[in-house]
Structures are given as structure tokens and as C-alpha cells.
Amino acid sequence: MKKRIILLGGGTAGHVMPNIALLPYLNEFEIHYVGEMNSVEERIVSTYEHVYFHQLQSVKFDRSNIFKALLIPFRLSKAKKKAKELLKSIDPSLIFSKGGYASLPIALASKSQKTKKIPLIVHESDMSLGLANKLSIKHADYLLSSFPDIHENAKHVGSPLRQQIYDGQKSAAEFESGLKGRKNLLVFGGSSGALAINKAIYEAVPSLTKYYDIVHIAGKNCKTEFKHSRYFRLTYTDKIQDYYAWADLVVSRGGANALFELISLKKPTLVIPLPKGVSRGDQVQNANFFKNRDCVRVIEQDKMTSDTLLCEILELDKNRNELISGMKNINGIDGTKEIAKIIKSL
């Protein structure tokens, strides 16, 4: 009988995809994934037949609503009770958590089993600990990190990266987009898109297409109708590796998962991080880490217009060789094999 492992991480695709990256290295285990019903984690995980998905209501911290925040302790206590029941049912040998609010009930319950103490590994993708991971690490046997020096107890291993990103086919992206023969610009803003980036790109397309073919992954929330002969828009793609292979230049948000993939692939990138206030500021920190090591260019969202975006992309193109050189000097990017090794050791 195979030993069982629980994978945790949800709320955004950035918490889920690193877990998916580990699956090929964990074939000897029975994999269980715990997340919310009708969530991004359920949608992604449900495509993997050999992974068992379990629904568990979680507690989200709403930074904009203090009254909802006051109810968190009561809701979390209820969720933790359900998590204990689920742990008893699954009987895992280990729990691996990528954070996000969907991970917290199980992570907190992992050390409160009366008959069995379950090893817990927590991995933090960002330059600073997210709230769920902050609350989980006192229960953890290992705290692993994508970035160095984020916490005194953290072991820097790099980020879990899907190995298929290295196998992209440029010709497949050319066939789907119909764009071939010029310099290529890929624009994306995360699983939900980025309205500010989308707006600036639409306004800049007439100027940008003088120099580049553009593929724009605009996200599920984008409703604007926009067409141009040198511009191709997608809502979402499950073949991002093909568009990575196609791209000469990239415009992206500052999510850690995307940044580590782009750095690993040596793709010159203009980063437009989600501003602090809208988030806890993690994307700004992530972007500046790589900017300070001459790996990416960064522009703040509130300074972005169609004109500044055009100028920054042209500068990105001009300095692409220097940025690629900077990326080659960065160590500890792809930590997939090392993380799998630590999981197996426990």
C-alpha cells in the first residue's frame, strides 16, 4: 500500500501550480489535495486522475473588510475541527503546504492529532511570508523558500517549477496565434489577468506593433473587444510553455511562480508588480530582488501609461543581452528535485 501525502495550496493558481510541478517526482505516493469547493485548486487538480481532491471550507482574510476579519477566529476554529476529521480519514504520512488561505486549516490541525503527529513542510514562494505560512510555520518540520534569507529558519531551495516549461514548441504558438517572422512580445498578468496592464497594452498596440508581434493572455475578467493583425489575444492557455518558447520579450506581473519560470528560461522581462495596498507588497519585493541583480526591468503600476510602457519595452529589448547575462548568474532557481528529495526523506 502506498504512503499518502497531502498537498495544500489554494486561493490563486500561484499556490497550486508549484504543487503540480512536484507530481512527477512523487509517483510512489498516493496524492491527496485539500482545497475549497469550486476553487481554482479544484479546477486545476481535477484534471489529474491520480490525485484525490477533498473539499474543505477555508477562511479568507479580507483586507478591505475589518468586520469580516473579526469573525476569522470563530470560522477558523470550525474549519480546523473539520480538518482534523479529514486528516483522520486520509491518514497521511506527510503534508506539504504552498500556503494561501485554503491551506491553513489542515496545516494548523496537523500537529493536534492525538494519536499521530504528521510531518509538515511549508514552502514560501515570495520574498516575505504570506499570512497563512506565518501562522503555519510554528507547526512545521521544515520551512523551505524560493528566495534566500527570508526567515532565520528557512532553507533556501528555489521554486518548484513544472518541467514542461522547458519543452515548449515555438511552432505550436505560431500556428495558434498566426504570428510568425518578427520579434515576439508576450504579455500576461496572472490567472485572472490584470486590468491596468490590459488597458495600457490596448492603448500601446498601434505603436508596439511597429516593432513586435504581440500575444496577450488577458485573463478571464477581460471583456474588451480588441483586434489587430499583429496582435493575438487569449483568455487563458494551458500551453504557456509554447508561448514562453515563442517569446523574445515578456511583460508580466510580479508573482513569484511566473518570475521563477521566466528567470529559469532566461526570458527578458518587464515586471509590473501588483502595488502594495492591493496586496501585501510581495510582488514589489519579488520584482525588486531580481531587478537589483540585473535580471529584469521594473515599472510601477501607477507610473504606467501606454507611452511609458512602450519606452520600457524598447529599453527591455535594447538591454536584453545584459539581462540574460544577469539571469545566468542567479543560482537556486529551480528547486523541484530538491524539494521532492526532502519530502521523500521525511
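Some notes on this structure:
- Between ASP294 and LYS170, residue separation times 0.36 nm minus the direct Cα-Cα distance comes to 42.0 nm.
- Region 1-56, Rg to Rh (Cα coordinates; Rh as Kirkwood inverse mean 1/r): 0.94
- Taking a ≥ b ≥ c as the square roots of the eigenvalues of the Cα gyration tensor, an a/c ratio of 1.5 or more together with a/b no larger than b/c marks region 261-326 as oblate.
- Gaussian network model of the chain, springs between alpha carbon atoms under 10 Å - residue of GLY178, GLY277, GLY254 with greatest fluctuation: GLY277
- Judged by the gyration tensor of its Cα atoms, with axes a ≥ b ≥ c, region 111-181 is prolate; a/c meets the 1.5 cut and a/b is the larger of a/b and b/c.
- Furthest towards positive pole of dipole, LEU86, LEU120, THR235, structure part the chain, Cβ charges: LEU86
- Dipole magnitude for the chain: about 1040 debye, using +1 per Lys or Arg Cβ and -1 per Asp or Glu Cβ, origin at the Cα centre.
- ASP317-HIS156 FRET efficiency (beta carbon distance; Förster radius 41 Å; 0.05 resolution): 0.80
- Shape box of the chain [Cα atoms, principal axes, largest first, Å]: 67, 45, 38
- Helical contribution to [θ] at 222 nm, DSSP H n ≥ 4, -39,500 (n - 2.57), averaged over the chain, rounded to 500: -11000 deg cm²/dmol
- Within the chain, the selection of entire DSSP H helices by a Cα span of 15 Å or greater along the long axis and an average Kyte-Doolittle value of at least -0.5 returns 72-90, 195-208, 306-318.
- The average projected area of region 201-317, computed from the convex hull of its Cα atoms over all directions, is 7.4 nm².
- Relative packing of peptides 328-340, 241-253 - highest average C-beta neighbours within 10 Å first: 241-253, 328-340
- Cβ charges +1 (Lys, Arg) and -1 (Asp, Glu), total dipole of region 114-235, debye: 300 debye
- Mean sequence separation of contacting Cα pairs (under 8 Å, at least six apart), scaled by the length of the chain, corresponds to a relative contact order of 15 percent.
- Most fluctuating residue given options LYS220, LYS303, LYS155, as computed from a GNM of the chain linking Cα atoms under 10 Å: LYS303
- Charge dipole magnitude, Cβ of K and R +1, D and E -1 - region 279-346, Cα centre, debye nearest 20: 460 debye
- Bridgeable aspartates and glutamates around LYS134 (alpha carbons under 17 Å apart, same-chain partners fewer than 8 residues away excluded): ASP62, GLU124, ASP126, ASP149, GLU152, ASP282.
Every number in this text was worked out from the coordinates using simple rules, so none of it is lab data. Since the structure is predicted, the reported quantities are computational estimates derived from the model, not experimental observations. Neighbour counts run over all protein chains shown; Cβ positions are idealised from the backbone, glycine included.
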